[in-house]
Amino acid sequence: MTAKRDYYEVLGVSKDTPINEIKSQYRKLALKFHPDRNKSEEAGEHFKEISEAYAVISDPEKRKIYDQYGHAGVDGKYSRDDIFQGASANFNDIFGRGGGGFDSIFESIFGRGGFGTQQQRGSDLLYETSITLEDVLSGKKMEIDLKKTIECNTCNGSGCKPGTSQQTCTSCNGQGQVRKSRSMGFASFVTVEPCSSCRGKGSIVETPCSECKGNGKTKGTKKITFEIPPGVDNGDYTIPNEGDEIPGGMNGDLIVRIRIQPHQNFKRDGADLFYDQDVSMTDATLGKEVTVPILNGSEKIKIESGSQPNTIIKLKGKGLPRMNSRGRGDQYVRIVVNIPKKLSKHQKNLLEEFQKSFE
């Protein structure tokens, strides 16, 4: 599983950055990573990433949903095509002056038709789960029954009645899209739109499958198995191609939202753990060896004589694994000295005698 980067982080802006500054920052990044200008292998992926981030952040409705629910909110409501088609005006506002328009600016990297018309994509799905700190230490194998859109078993996703096949659309000659040209002043804009006859598929089902009514897909349940890696933190993680299925297109992704359950003994800070060890006033004064819990067992520590309240003892390498890195964090034991609230007369006399020894 790979975590999807925060859109604001991708653009290098904050949540309260004005839209005009976000627009300026996106333009700067887009020109930097556009494949026509930048020939590095990573440029294309960077360009896609920043363009997707801007498509969401520049749209008030999508931005509101993203700010509230993160990637899962946007991915669960919009397909990738919806995100980019809805933001086309925002892109044209940046790149459209002087010719080319939205589609021609991005056609070279996202394929014929720009962002949206060549291949459909299934919706992303959200699955929420909570795990323990012990699971974070060792990782956890998950097996879930996921309700989703799946390929029809009767027609194998073709949408056709068994024994028949799809016919090439005559309106677009199997291309799934049509080009339209329009002139605006000195500039000529070419746009690419899905074919209305075949709905962008390039072919037409003449004899539909009785099970899926020609859609090639049905609602069903699929058993999904995946690994939650050691060291995982709260957040959304992506399992590619396990969302809704689209026959002849791209499957959506499964977004796994992980929440770590509070632990009765430990507090977590990244890969480090924190534990409070209660000791008596006399043990802190005289010193003592005690046994403290760690996530996968216990460890003996030495309370040195004269230890002060809030003394910290580090147990190196007894914390959590570092995700996508080697080694483990540390466990920090804080000494909490308990001062008795009630004393017997004998105990008071002893303490008074002890106090006099310092005079």
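Yes/no per residue for (1) in contact (Cβ under 8 Å) with a residue 40 or more places away in the chain; (2) β-branched (Val, Ile, Thr):
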| residue | (1), (2) |
| --- | --- |
| ASN20 | no, no |
| LYS23 | yes, no |
| TYR26 | yes, no |
| LYS39 | no, no |
| ILE50 | yes, yes |
| TYR54 | yes, no |
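Which ones in the stretch 147-181 are in a strand (DSSP E or B) and either surrounded by 17 or more Cβ atoms within 10 Å (Cβ to Cβ) or among the β-branched types (Val, Ile, Thr) (or both)? Once the filter is applied, which keeps residues that are in a strand (DSSP E or B) and either surrounded by 17 or more Cβ atoms within 10 Å (Cβ to Cβ) or among the β-branched types (Val, Ile, Thr) (or both), the stretch 147-181 yields LYS148, THR149, ILE150, GLU151, CYS160, THR168, GLN177, VAL178.
Considering the conditions (1) out of contact with any helix residue (DSSP H, G or I) (no Cβ under 7 Å at 6 or more places or on another chain); (2) in a helix (DSSP H, G or I); (3) modelled with pLDDT under 85, LYS28 is excluded by exactly one of them, (3). Looking across SER307, SER325, one residue alone is outside any strand (DSSP E or B) and under 27 Å from LYS140 (Cβ atoms). It is SER325. The requirement of being free of Cβ contacts under 8 Å to residues at least 12 places away in the same chain and under 24 Å from the mean Cα position of the chain (by Cα) is fulfilled somewhere in the stretch 249-262, by at least one residue.
Note on the stretch 1-25: residues that are part of a loop (DSSP other than H, G, I, E, B), of a type in the set (A, V, I, L, M) and over 17 Å from the mean Cα position of the chain (by Cα) total 1. Just one of the listed residues (PHE91, PHE84, PHE102, PHE115) is outside any loop (DSSP other than H, G, I, E, B), modelled with pLDDT under 60 and in contact with a helix residue (DSSP H, G or I) (Cβ under 6 Å, 6 or more places away or on another chain), and it is PHE102.
The criterion of at least 1 residues that are more than 25 Å from LEU133 (Cα to Cα) and of a type outside the set (Val, Ile, Thr) is met by the following strands (runs of 3 or more DSSP E) wholly inside the stretch 213-294: 217-228, 272-280, 288-294.
Each row is one residue, and each column tells you yes or no for (1) under 20 Å from ASN265 (Cβ atoms); (2) surrounded by 11 or more Cβ atoms within 10 Å (Cβ to Cβ); (3) not assigned by TED's automatic domain parsing to the domain that holds LYS140.
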| site | (1), (2), (3) |
| --- | --- |
| ASN296 | yes, no, yes |
| LYS300 | yes, no, yes |
| GLU304 | no, yes, yes |
| PRO309 | yes, yes, yes |
| LYS314 | yes, yes, yes |
| ARG326 | no, no, yes |
| GLY329 | yes, yes, yes |
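VAL232 satisfies every condition listed in (1) assigned by TED's automatic domain parsing to the domain that holds SER130; (2) in contact with an Asp or Glu (Cβ under 6 Å, 6 or more places away or on another chain) except (2).
Checking the structure you have, find out if any residue of the stretch 245-258 is at pLDDT below 90 and of a type in the set (S, T, N, Q). Yes, the conditions are met somewhere in the stretch 245-258. All told, ILE339 meets the bar of being in contact (Cβ under 8 Å) with a residue 12 or more places away in the chain and either among the hydroxyl-bearing types (Ser, Thr, Tyr) or loosely packed, with under 10 Cβ neighbours inside 10 Å (or both). Only one entry in PHE274, PHE226, PHE266 is within 25 Å of ILE144 (Cα to Cα) and of a type in the set (Phe, Trp, Tyr), namely PHE226. Pick from the stretch 313-349 the residues that are among the small types (Gly, Ala, Ser) and touching a Gly at 6+ places or on another chain (Cβ under 6 Å): which of them is farthest from ASN296 (Cα to Cα)? Filtering first and then ranking leaves GLY329.
The values are calculated or read from the model by the stated rules, or taken from the named source; none is laboratory data. Not measured: the values here are computed from a predicted model. Cβ atoms come from the backbone with ideal geometry, glycine included; neighbour counts cover every protein chain shown.
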